[in-house]
Structure formats: C-alpha cells, structure tokens
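These notes concern the structure reproduced below.
The values are calculated or read from the model by the stated rules, or taken from the named source; none is laboratory data. Since this is a predicted model, take the numbers as computed values, not measurements. Glycine gets a Cβ as well: all are built from the backbone with ideal geometry, and neighbour counts include every protein chain shown.
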Amino acid sequence: MASNPASFVQVTLRLLLVRHGLSSFNREKRIQGRNDLSLLTNEGQRQASLTGEVLADMRIDAIYSSPLKRAVETTNKLLESIEKRPEPIFDNGLLEIDLGPWSGLTVEEVMEKFPEDYQTWKNQPENLVLKHEDGQNYKPIEELIIQAKNFITKLVDRHSPHKNETVILVAHNAILRCLIITLLGGQNQSFRRLQLNNASLSIFNLNPHPFKSYQTQIECLNNITHLSPPLPSKKGNARLILVRHGETDWNRQGRFQGQIDIPLNRNGKSQASAAGEFLKNTQIDQAYSSSMSRPKQTAEEILKYHPGVKLKLKEGLLEIGHGLWEGKLESEIKAAWSELLETWHDSPEKVQMPEGENITGVWERAVKCWQTICDSLCTNETALVVAHDAVNKTILCHLLGLNPSDIWMVKQGNGGVTVIDISLNSSQPSVVTCLNLTSHLGGLLDCTASGAL
C-alpha cells in the first residue's frame with residue numbers, strides 16, 4: 001500500500017495526551033468527575049515521574065493541564081524531568097466530565113442508588129441523563145463533546161499545524177476520550193471503543209491538509225510501556241494482539257509492495273525480534289498471519305517465545321493488491337497516474353487500483369477475516385495477528401467507528417504492536433486498548449519507515 005500523505009510533510013503539530021497518575025479516588029473505585037477532593041497516590045506520583053522521564057529529551061513548546069488537583073500534581077511532577085519546560089497553562093477546557101450527583105460515590109454505591117442510569121452509562125454513555133443542582137436535565141457526554149470541540153478549536157488557533165510545535169495536554173479519562181473523538185471527527189458512540197490508563201501517553205499528529213484545517217493521525221494510543229507492567233491488564237472476554245510486519249527493503253525505498261512477496265530485511269528481522277522480546281511474557285494461545293513472507297517471518301520471530309502455538313495463515317489478511325503500481329516508486333506512479341495518486345492521498349475510498357483492488361474491498365475481506373478470528377477465541381484466550389499496513393488500518397478504522405475514507409488517520413509502524421480487547425458484554429464494541437506501540441524499537445516516537453505500505 002502507498003505512503004500516507006502525511007509522510008510528505010513534516011509533522012507540524014504533535015499533541016501528547018497524558019492521563020493523570022493513579023489518584024486516591026481511582027484506588028478506592030470512586031467516581032471522580034469534577035470533584036476536586038482526589039489527590040495523587042504515591043504510585044500516581046511515581047507514574048507521573050516516569051512519564052516525565054520518557055518526555056525528558058523532547059522539545060516541549062507548551063503544556064496545558066486541567067486545573068483539578070490530580071492533573072495539576074501530574075503536570076508538576078512530569079515537568080521536573082523536562083529541562084526547558086514551559087509554564088503550564090491550567091485550562092477549564094480540560095476539566096473532567098460533570099457527573100454531578102455521582103461524584104464521590106463508589107461504583108457500588110452508584111450501582112445501588114442509580115441502577116438504571118448506571119447501566120446506561122456502561123452501555124450507552126452518550127444517552128445518560130443526569131440533573132444539575134438546579135434541577136435541569138443534561139447529558140454529560142454531550143456537554144463534554146462540546147467542551148472538547150471548543151478546546152481543540154482554541155488550541156489549533158493558538159498552535160497552528162504550520163508552526164511545528166509539540167504540545168502536552170494533561171487531563172482525565174473522559175475528557176481525553178472526547179478530545180480523541182473530536183480529533184477523529186467521530187461520534188459520541190465511540191466513547192466505549194477507547195481505553196486510557198493512568199499516566200498513559202497518546203500521540204496525535206495534526207498535519208496540514210489542502211481541504212481542511214488539519215489531517216489527524218493517531219501515532220500511538222494509551223502507551224504505558226514506561227510503566228510496569230508495560231501493557232494494560234485484560235478487561236474483556238478475549239484479547240487480540242495486532243502487529244504489522246517488520247521492515248522490508250521496499251518499505252525503506254518507498255516502493256509500493258502490495259501483493260509482491262518481499263521478505264524482511266535485516267532491520268525488519270531485528271524489529272520482529274524486538275516485538276517478540278516485548279511480548280515474550282504475554283499470553284498467546286492462537287496465532288494468525290497473512291500468508292506472505294514478511295508477516296509470516298514476523299509472526300515466527302514472535303512465536304519463538306511461545307513454543308507449541310501453531311501459526312495459521314489467512315488469505316483474508318493479504319495486503320491490498322496495488323496492481324500496476326506494485327514495485328514502483330511514488331515518483332513513477334505520479335508520472336503515469338498523477339490524478340489517481342492525488343485522489344488516493346485525498347480520498348482513498350474512491351480509488352480503484354489499476355488491475356488491483358480498492359480499499360473498500362480490502363476492508364470487507366479484512367474485517368470478515370478479523371471477525372472469524374474473534375469468533376474462534378474462547379473466554380480469556382489471546383490471539384496474535386500479524387498482517388500489513390492497509391489491512392491493519394482497515395481493521396482499526398472499523399474498530400474505532402471510522403470509515404474507509406479515514407485510513408490515513410491510523411499509523412502502523414513496522415513491528416508496531418496494537419492490543420484489542422473483546423468486551424465481556426456482547427452488545428458492546430471491542431476496545432482498542434492500545435495502538436501502535438513502538439517503544440520496543442527505541443524511543444517514544446514511531447521512527448519506522450514511512451515511505452510505503
């Protein structure tokens with residue numbers, strides 16, 4: 001698959017989203033909301049410090065924080081590791097969700113006092129209706145989405161995608177989810193598709209776009225590899241670990257690979273080995289791969305730490321067929337198919353590859369194959385799935401509630417690790433627990449080849 005259009009421009013506005021460290025209310029399983037009685041625990045302070053250490057070598061141009069104490073403490077703690085640190089800006093646009101009468105109660109108390117509302121909150125949070133102190137009804141998620149949109153608008157006005165800046169946002173679980181939904185242009189129904197752990201780091205790149213103010217790209221989501229354990233605990237019925245194959249020479253050169261069977265290069269083998277080392281203590285019960293050499297080699301490296309797990313090959317996980325584009329550089333394609341290439345960059349869902357596939361067809365077969373794998377898992381099982389850029393992107397867009405037109409929003413680095421948990425409640429969507437972790441390849445940022453898919 002061809003290169004992400006964002007790769008042709010330097011990342012111009014990088015947002016680092018940080019959830020506050022473990023708080024006293026988190027530990028006691030109390031509803032926090034805008035209640036400001038909760039403080040960081042000793043563990044929460046340690047988490048914030050570790051987060052700061054990961055960011056220590058990065059140039060930080062601005063940092064915004066919620067004014068609530070647990071976020072302020074996190075902000076101050078992580079800034080201790082940043083030598084050239086900006087003065088933090090405490091902004092009400094980052095306040096946590098207003099859960100009014102629930103604030104301060106334990107989860108058990110809310111379940112007992114508000115059983116129907118609590119079920120709505122767990123299953124359809126966008127439909128939850130609570131009462132303000134003045135007796136007026138309100139929808140907490142709806143209000144928070146408006147707050148998030150207003151904050152992003154103000155932020156982009158102040159830190160234009162043309163300024164090449166890095167900005168930290170320290171806030172809370174619900175508001176960060178709503179900021180992410182806003183950045184992805186999604187709907188309120190995506191709220192339960194995301195997970196954000198205490199002291200997690202999520203990276204969003206906002207790049208210039210010819211037809212709108214910016215193009216969002218998720219570089220990584222819910223990264224806690226700087227903490228211990230490095231992966232979030234499993235909360236669902238079953239877990240899938242989705243990995244993109246390691247680097248090939250054509251990735252490095254920027255050639256369109258598609259269904260030409262190019263093997264891993266030396267760096268790609270090292271990336272696959274690093275992914276295996278990263279996942280060596282992770283339970284794996286089943287393993288699936290595209291039948292092509294590059295994902296198969298990657299899966300085999302990972303499975304060296306899991307002897308006895310048989311690798312199953314799935315044709316539905318094959319990379320997109322680029323047809324006549326395969327084997328060619330971007331410049332060669334531009335010379336022969338300039339308009340089609342431009343459409344591919346701007347509206348990928350509209351492109352039929354010459355003698356190849358289209359992204360909608362790949363979406364249909366990849367998601368169907370993914371669902372088959374999900375259905376094969378027993379309770380508490382974990383499956384490894386190794387595939388390609390286009391395939392992974394279509395699966396992740398599907399899981400995030402996005403569309404085929406949105407594939408450029410999702411970054412998949414060579415050897416990157418993504419975790420998806422299947423909900424215990426069959427009526428609820430799977431959760432993208434973390435996305436495109438590449439810290440095992442060196443550093444927080446994804447520095448893998450960006451030339452071609």
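The residue of the stretch 35-52 that is surrounded by the fewest Cβ atoms within 10 Å (Cβ to Cβ), among those that are more than 13 Å from V18 (Cα to Cα) and touching a residue at least 40 places away in the same chain (Cβ under 8 Å), is L37. Can you tell me which of (1) touching a Ser or Thr at 6+ places or on another chain (Cβ under 7 Å); (2) part of a loop (DSSP other than H, G, I, E, B); (3) free of Cβ contacts under 8 Å to residues at least 60 places away in the same chain is the one P161 doesn't meet? In the conditions (1) touching a Ser or Thr at 6+ places or on another chain (Cβ under 7 Å); (2) part of a loop (DSSP other than H, G, I, E, B); (3) free of Cβ contacts under 8 Å to residues at least 60 places away in the same chain, P161 misses (3) alone. Of all the residues in the stretch 71-84, those that are under 18 Å from F25 (Cβ atoms) and without any contact (Cβ under 8 Å) to a residue 60 or more places away in the chain number 3. Filter the stretch 53-70 for residues that are touching a residue at least 40 places away in the same chain (Cβ under 8 Å) and assigned to a loop (DSSP other than H, G, I, E, B); which is farthest from L445 (Cα to Cα)? Looking at the filtered set, the residue picked out is L68. The single condition from (1) farther than 30 Å from N392 by Cα; (2) modelled with pLDDT of 95 or more; (3) not in a helix (DSSP H, G or I) that E73 fails is (3). Every listed requirement among (1) in contact (Cβ under 8 Å) with a residue 24 or more places away in the chain; (2) of a type in the set (D, E); (3) assigned to a helix (DSSP H, G or I) is met by E96 save one, (3).
Pairing residues of the stretch 201-221 that are farther than 29 Å from T75 by Cα with residues that are at pLDDT 90 or above and assigned to a strand (DSSP E or B), at Cβ distances under 8 Å and at least 6 apart in sequence or on separate chains, gives H209/Q215. Selection within the stretch 272-300: residues that are without any contact (Cβ under 8 Å) to a residue 40 or more places away in the chain, in a helix (DSSP H, G or I) and touching a helix residue (DSSP H, G or I) at 6+ places or on another chain (Cβ under 7 Å). The member of this set that is farthest from T225 (Cα to Cα) is S273.
Residue under question is I82, and the condition is that it be more than 20 Å from R46 (Cα to Cα), assigned by TED's automatic domain parsing to the domain that holds L179 and surrounded by 17 or more Cβ atoms within 10 Å (Cβ to Cβ); does it hold? Spell out the reasoning first.
Details: more than 20 Å from R46 (Cα to Cα): no; assigned by TED's automatic domain parsing to the domain that holds L179: yes; surrounded by 17 or more Cβ atoms within 10 Å (Cβ to Cβ): yes.
When the stated conditions are applied, I82 does not pass them.
What is the residue count in the stretch 230-263 for residues that are assigned to a loop (DSSP other than H, G, I, E, B), touching a residue at least 40 places away in the same chain (Cβ under 8 Å) and not small (G, A, S)? Outline the logic, then answer.
Step one: list which residues in the stretch 230-263 are assigned to a loop (DSSP other than H, G, I, E, B), which gives 230-237, 245-247, 254, 256-263.
Now restrict to residues that are touching a residue at least 40 places away in the same chain (Cβ under 8 Å): 230-232, 234-237, 245-247, 254, 256-260.
If we keep only those that are not small (G, A, S) too, we end up with 230-232, 234-235, 237, 245, 247, 256-257, 259-260.
Selection size over the stretch 230-263: 12.
Mind listing whichever residues of the stretch 391-432 are over 19 Å from L196 (Cα atoms), in contact with an Asp or Glu (Cβ under 6 Å, 6 or more places away or on another chain) and among the aliphatic types (A, V, I, L, M)? Across the stretch 391-432, there are no qualifying residues.
Residue by residue, here is whether (1) of a type outside the set (A, V, I, L, M, F, W, C); (2) surrounded by fewer than 22 Cβ atoms within 10 Å (Cβ to Cβ) holds:
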| position | (1), (2) |
| --- | --- |
| K235 | yes, yes |
| R255 | yes, no |
| A275 | no, no |
| T298 | yes, no |
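So Q217 ticks every box in (1) closer than 19 Å to A449 by Cβ; (2) assigned by TED's automatic domain parsing to the domain that holds L396 but one. Which box is left unticked? Every condition holds for Q217 apart from (2).
Take the residues in the stretch 169-196 that are of a type outside the set (A, V, I, L, M) and closer than 14 Å to R70 by Cα; name whichever of them is surrounded by the most Cβ atoms within 10 Å (Cβ to Cβ). Spell out the reasoning first.
Of the residues in the stretch 169-196, the ones of a type outside the set (A, V, I, L, M) are 172-173, 177-178, 182, 185-193, 195.
Then keep just the ones that are closer than 14 Å to R70 by Cα; that gives 172-173.
On the way: H172: 23, N173: 19.
Per the stated criteria, the residue is H172.
For the stretch 402-438, the set of residues classified as surrounded by fewer than 20 Cβ atoms within 10 Å (Cβ to Cβ) and in contact with a Pro (Cβ under 8 Å, 6 or more places away or on another chain) consists of S405, S423, listed by residue number.
So that you can scan it fast, the table gives a plain yes or no per residue for (1) under 25 Å from the mean Cα position of the chain (by Cα); (2) closer than 26 Å to P429 by Cα; (3) in the same structural domain as H172 (by TED's automatic domain parsing):
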| position | (1), (2), (3) |
| --- | --- |
| T74 | yes, no, yes |
| G100 | no, no, yes |
| M111 | no, yes, yes |
| F114 | no, yes, yes |
| P125 | yes, yes, yes |
| H132 | no, no, yes |
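Considering N207, N265, N251, the condition of being over 25 Å from I407 (Cα atoms) and either surrounded by 23 or more Cβ atoms within 10 Å (Cβ to Cβ) or not aliphatic (A, V, I, L, M) (or both) is satisfied by N265 alone.
Checking E319, E332, E364 one by one, the residue that is assigned to a loop (DSSP other than H, G, I, E, B) and among the acidic types (D, E) is E319 and no other. Every condition in (1) touching a Phe, Trp or Tyr at 6+ places or on another chain (Cβ under 6 Å); (2) buried (at least 18 other Cβ atoms within 10 Å of the Cβ); (3) not β-branched (V, I, T) holds for M111 except the one numbered (2).
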